[in-house]
Amino acid sequence: MKSYREELWFHTQTRREYVNITSQVQRVLEDSGIQEGLVLVNAMHITASVYINDDEAGLLRDYERFLERLAPHGDDYQHNRTGEDNGDAHIKRQIMGREVVVAITNGGLDFGPWEQIFYAEFDGGRRKRVLVKVIGE
Amino acid sequence: MKSYREELWFHTQTRREYVNITSQVQRVLEDSGIQEGLVLVNAMHITASVYINDDEAGLLRDYERFLERLAPHGDDYQHNRTGEDNGDAHIKRQIMGREVVVAITNGGLDFGPWEQIFYAEFDGGRRKRVLVKVIGE
Amino acid sequence: MKSYREELWFHTQTRREYVNITSQVQRVLEDSGIQEGLVLVNAMHITASVYINDDEAGLLRDYERFLERLAPHGDDYQHNRTGEDNGDAHIKRQIMGREVVVAITNGGLDFGPWEQIFYAEFDGGRRKRVLVKVIGE
C-alpha cells in the first residue's frame, strides 16, 4: 500500500466563499502515482467544509441563502462570548460536512457526470488549509 | 491491497424515494472477496444521497417531512432559473450526505444492530447510479 | 495492508451529550501500530453521531440549541408511533453525521489545530458503541 499527502491552502477575500478544487485534487492524485484506492479530502479547520455537488452559480447562491437562513451570521451564539464572531460558521460547516472520500479507479477520480469537489469557506479572510490524503496502489 | 468496484443502478418511479440497498452492498462485498478493509458507497449524482439509518416506515416519512420543510420542492431556487426544477434536491442531498464509509471485518459489513444503508432519491424518475468501491485484503 | 478494530462503549447519564473521544481514538491508533493510512470512526447506533469540531462549551450549547430547534424532542414523529420516543434523535444524527474518516500520517491523527473528535449522543441513558477501524501500514 502506498500513501501520499498534500495540503492545499486558501485565503478567501470574503467571509463566505465556495471554491471548486476538483482540478487541484486531481493534480495531487496524479502526483501520488496511485491508480486504485481512496482519496480523503477534508477541511483542516472547523469553520469550513469540503463537499461534492454541482458547479452552478445559482446553486451556490441557493446554498448561501439556505445556510444563512438556518444559522445567520450575527445571531446570538454562546460560542461568540469567547470573543469569536464565527458561531454561525461552526454550524454551517456541520450541515455541509467536513470531508469527502472519493474512489480512485485507473488513476482518476471515479466520478459521476456532475460531481465537483468544493471547499466552502464560512469564516474566511485568512489562510486556511485542506488535507488531501491518498492511499492505495 | 486489493480493490473492487461496481455500480448499482436505480430508476425510482416517484420524485423522492428511500431504497434499502444493504443486501446489494453485501453482495458486492462478497463478490470482491475482500475480508478486511473499507467499503465506500456514494451517490454518483448530486441530487441523491447514500446514508445509514433505520429501515422503519414511519422514520422514512419523518425524513421526508423534515427535508421538505427545510427545502420545499417548488420554492424559488436560483438554480431553477437554468431550466431545472431540482434546486430543492441539491439541498436535501447535502443534509442527508453523499456517501458512507463502512468497515469490513471478517468479510462482512461491520455494523451495529440497526444499521441499514439507504439510497435516497430526491430527483427521480430516471436512471441513476451508486458507486461501491471496496479496498482491503 | 494491516487492519485493526476496536469498539468504544459509552453510557451517558442524560438523553443528549457531547463527548470528546479524541484521546481514545489516538490510543486505539497507537495500539494498531499503523503509521500511514486511514481511520474510520463511526457510531454503531442510529441515534448518535461522530463528528469533528471544536471542544468549546459555548459551541456545544449552540449545537444543542440548533438541533433542538430543527428537530425538537417531543414533536409528533411518525417513528414514535412504534412505541419509541426518539424520532428526533434519528433526525439530529443525520444532520451531525454518522462517521468521520481521518488521515493517519507518521502514526498520528493528521489534524488541523482545532480538530477534535466527538461522540454526540441524542438518545442516551444506555450502553452504546462507536467503531474505530484502522487500515494502512
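Miscellaneous remarks
- Accessible surface computed residue by residue for the protein assembly as shown, with neighbouring protein chains in place and a 1.4 Å probe, gives 36 Å² per residue.
- Test item: C:86-98 mean partner chain Cβ contacts at 10 Å: 5
- For the segment A:123-135, counting C-beta atoms of other chains within 10 Å of every residue's C-beta and taking the mean gives 3.
- Reciprocal mean inverse distance between Cα atoms of chain C - Kirkwood radius, Å: 15.6
- Accessible area of B:D88 (1.4 Å probe, protein heavy atoms only, ligands and nucleic acids ignored): about 0 Å².
- Counting heavy atoms of the protein chains alone, A:E84 has an accessible area of about 90 Å² for a 1.4 Å probe.
- For the stretch C:23-111, trypsin sites (Lys or Arg not before Pro) are listed when DSSP marks them as loop and at most 16 other Cβ atoms sit within 10 Å of their Cβ; the list is empty.
- Our summary of shape: the Cα atoms of the protein assembly as shown have principal axis extents of 51, 48, 46 Å, ordered from largest down, in whole angstrom.
- Apportionment of accessible area to carbon and sulfur, the stretch B:2-136, percent (1.4 Å): 44
- Helical runs assigned H by DSSP (4 residues or longer) give chain A a calculated mean residue ellipticity at 222 nm of -8000 deg cm²/dmol, each run adding -39500 (n - 2.57) before division by the residue total.
- Averaging the Cα positions of each part gives two centres, and for the stretch A:23-43 and the stretch A:47-125 these lie 20 Å apart.
- Interface size B-A, as summed buried accessible area [1.4 Å probe, Å², nearest 100]: 2600
- Taking the stretch B:50-137 and dividing mean pair separation by its residue count, relative contact order in percent (alpha carbons under 8 Å, at least six apart): 41
- With a 10 Å cut-off around each Cβ of B:27-38, the average count of Cβ atoms from other chains is 2.
- Shape call, the stretch C:40-115: gyration tensor on alpha carbons, a/c limit 1.5: oblate
- Inter-label distance for A:E68 and B:A57, nm, one decimal - labels placed 7 Å from Cα along Cα-to-Cβ: 4.3
The values are calculated or read from the model by the stated rules, or taken from the named source; none is laboratory data. As the structure is a computational prediction, the values presented were derived from the model and not from experiment. Cβ sites come from the backbone with ideal geometry, for glycine too, and all protein chains shown count toward neighbours. Areas reflect the complete protein model, heavy atoms only, side chains present, ligands, DNA and RNA absent. Shrake-Rupley method; radii C 1.70, N 1.55, O 1.52, S 1.80 Å.
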